[in-house]
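Below you'll find the structure, written out as structure tokens, and then a few comments.
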Amino acid sequence: MVTAGAFESPRQDQQGYTTYGAAMGIKKDAWGVEIYGENLTDTRAQLYVNGFDFVHLVTVNRARTLGLRLAYKL
């Protein structure tokens with residue numbers, strides 16, 4: 001027999017978090033180029049905690065992302 005105390009509570013408080021992003025680019029005629037960064041401080045935030053299963057599962061946000069975008073307007 002399993003007692004109710006053996007299970008983890010499905011409801012858990014999660015801490016607030018802040019992420020920062022930035023982008024900078026230039027356009028000339030129909031062409032454009034942009035560099036961008038998301039989650040620049042590489043904050044690991046808990047987006048979802050699953051306490052219903054026998055295994056404690058946590059979903060976190062995306063890690064720091066840096067990129068380059070090229071655009072051409074038709």
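Observations, loosely collected:
- Qualifying residue in segment 50-57 (condition: open to solvent by less than 90 Å² (accessible area, probe 1.4 Å) and in contact with a Gly (Cβ under 9 Å, 6 or more places away or on another chain)): yes
- Residue in segment 64-74 that is modelled with pLDDT of 85 or more and surrounded by 12 or more Cβ atoms within 10 Å (Cβ to Cβ) present: yes
- Leading residue by the ranking (farthest from G16 (Cα to Cα)) among those in segment 30-74 that are part of a strand (DSSP E or B) and within 12 Å of the chain's Cα centre (by Cα): T65
- Residues satisfying the stated conditions in segment 1-16, i.e. part of a loop (DSSP other than H, G, I, E, B) and either at pLDDT 90 or above or among the hydrophobic types (A, V, I, L, M, F, W, C) (or both): M1, V2, F7
- Contact map, segment 50-67: residues that are over 13 Å from Y36 (Cβ atoms) paired with residues that are open to solvent by 100 Å² or more (accessible area, probe 1.4 Å) and not β-branched (V, I, T), Cβ distance under 6 Å, separation 6+ or inter-chain. Pairs shown: T59/Y48; V60/R44.
The values are calculated or read from the model by the stated rules, or taken from the named source; none is laboratory data. Here the structure is a predicted model, which means the values were calculated and not measured. Virtual Cβ from ideal backbone geometry, glycine too; neighbours counted across all protein chains shown. All accessible areas refer to the heavy atoms of the entire protein, side chains included, with ligands and DNA or RNA removed. Shrake-Rupley method; radii C 1.70, N 1.55, O 1.52, S 1.80 Å.
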